[in-house]
1. Does the range 170-178 contain any residue that is part of a loop (DSSP other than H, G, I, E, B), at positive phi and either open to solvent by less than 40 Å² (accessible area, probe 1.4 Å) or among the β-branched types (Val, Ile, Thr) (or both)?
2. Identify, by number, the condition in (1) closer than 25 Å to Met211 by Cβ; (2) open to solvent by 40 Å² or more (accessible area, probe 1.4 Å); (3) not β-branched (Val, Ile, Thr); (4) not in a helix (DSSP H, G or I) that Leu16 doesn't meet.
3. Please indicate, with yes or no, whether at least one residue in the range 62-83 is outside any helix (DSSP H, G or I), open to solvent by 10 Å² or more (accessible area, probe 1.4 Å) and among the aromatic types (Phe, Trp, Tyr).
4. Please find, among Ala35, Ala22, Ala43, Ala119, the residue that is among the aliphatic types (A, V, I, L, M), farther than 30 Å from Ala144 by Cβ and within 19 Å of the chain's Cα centre (by Cα).
5. Those residues that are assigned to a loop (DSSP other than H, G, I, E, B), open to solvent by less than 50 Å² (accessible area, probe 1.4 Å) and within 16 Å of Ser113 (Cα to Cα), I need them from the range 142-169; list them, please.
6. Only one of these conditions is not met by Arg54: (1) under 29 Å from Thr170 (Cβ atoms); (2) in contact with a Cys (Cβ under 9 Å, 6 or more places away or on another chain); (3) of a type in the set (Lys, Arg). Which number is it?
7. Quick one: which of Asp91, Asp109 is of a type in the set (Asp, Glu) and either on the phi > 0 side of the Ramachandran plot or open to solvent by less than 10 Å² (accessible area, probe 1.4 Å) (or both)?
Amino acid sequence: MPDRSPARRCLAALDLTHLSNAATEADIDALCARALTPHGPVAAVCVPPRFVSRARTLLEGTGIRVATVANFPEGGEDAAALRREIDAAIDAGAEEIDVVAPWRAILDDRMESAVALLAAGREAAEGVTLKWILETGELKTPEAIALAAGMAIEEGGADFLKTSTGTTATGASPQAVEIMLDVISGSGHDCGVKVSGGVREAADASAYLAMAEEAMVDFKDEDEPHW
C-alpha cells in the first residue's frame with residue numbers, strides 16, 4: 001500500500017528548485033541527484049533556462065519533469081520577449097514553464113498590456129505545462145489576487161497558479177492560497193496550485209495540502225497531484 005502521509009504527498013508534488021544566477025553545472029547535477037529520494041521522486045526540478053538541456057539529460061527515464069522560468073523575476077510586459085524565452089526553453093527540452101504574470105500592469109489597471117502578455121504566454125507554451133506566478137505578496141489585496149488569478153486562468157490558460165517567485169519580501173500566505181483556490185473552484189477549469197515562497201516546515205506544507213484537498217476534491221488524482 002503506498003505511503004499517503006502528508007509529508008510523502010508533499011514530496012510527490014514538490015518542484016525542487018535552484019534559480020540562482022550564480023548556479024553552476026555542479027549545482028544542477030546535485031539538484032537532479034537530490035530529486036530522486038529514498039522516499040520517492042519529486043514532481044519536477046526547476047532550473048534556469050540555460051540548464052534545461054542538462055537537467056533533461058540527467059533525469060531521463062526517471063519520470064521527473066524539467067521546469068524552467070520565463071519573465072522572471074520581474075513580471076514585465078514584453079510579449080514578444082516572452083514568446084522568445086518560452087520558445088527557447090521548449091526547444092531545450094523544458095516540460096513545464098513557470099511564467100511571472102504581469103502583476104504591475106494588473107495593479108495599475110493596464111489591462112490591455114496584461115492581457116497581451118498572458119495571451120502570448122498561453123500561445124507560446126502550447127503543449128507544455130504552464131504555471132503563472134501571480135506574486136501574491138505584491139498584489140496584496142484579496143481583490144487584486146482574485147483578479148490576477150482569474151485573468152491567469154481565462155486569458156493565460158493556466159494549468160497551475162503559483163503564489164510567488166520567492167524573490168520578494170512576502171511569499172505565500174494561507175489567505176492568498178485560499179483566494180486562488182476559490183477562484184479556481186468557480187472557474188470551471190481544471191487548474192492546480194503551486195505554493196512557493198517562504199514555506200519552510202513540513203507542517204506548513206501539510207496545511208496547504210489540506211486546503212487544496214478540501215477545495216479540489218473533484219480533481220484529485222492519486223498519480224498526479226494538482227497541489
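1. Pass one, the range 170-178, residues part of a loop (DSSP other than H, G, I, E, B): 170-173.
Those still in the list that are at positive phi too: none.
No; the residues of the range 170-178 include none that is part of a loop (DSSP other than H, G, I, E, B), at positive phi and either open to solvent by less than 40 Å² (accessible area, probe 1.4 Å) or among the β-branched types (Val, Ile, Thr) (or both).
2. Condition (2) is where Leu16 drops out.
3. yes
4. Working: Ala22 fails: within 19 Å of the chain's Cα centre (by Cα); Ala43 fails: farther than 30 Å from Ala144 by Cβ; Ala119 fails: farther than 30 Å from Ala144 by Cβ.
None of the others qualify; the one that does is Ala35.
5. Within the range 142-169, just Gly156 meets the criteria.
6. Of everything listed in (1) under 29 Å from Thr170 (Cβ atoms); (2) in contact with a Cys (Cβ under 9 Å, 6 or more places away or on another chain); (3) of a type in the set (Lys, Arg), Arg54 misses just condition (1).
7. Values: Asp91 fails: either on the phi > 0 side of the Ramachandran plot or open to solvent by less than 10 Å² (accessible area, probe 1.4 Å) (or both).
After applying the criteria, what remains is Asp109.
The values are calculated or read from the model by the stated rules, or taken from the named source; none is laboratory data. For clarity, every value in this text was computed on a predicted model and none was experimentally measured. We place every Cβ from the backbone using ideal geometry, glycine too, and count neighbours over all the protein chains shown. Remember, those area values only see protein heavy atoms, side chains included, never the ligands or the DNA or RNA. Shrake-Rupley method; radii C 1.70, N 1.55, O 1.52, S 1.80 Å.
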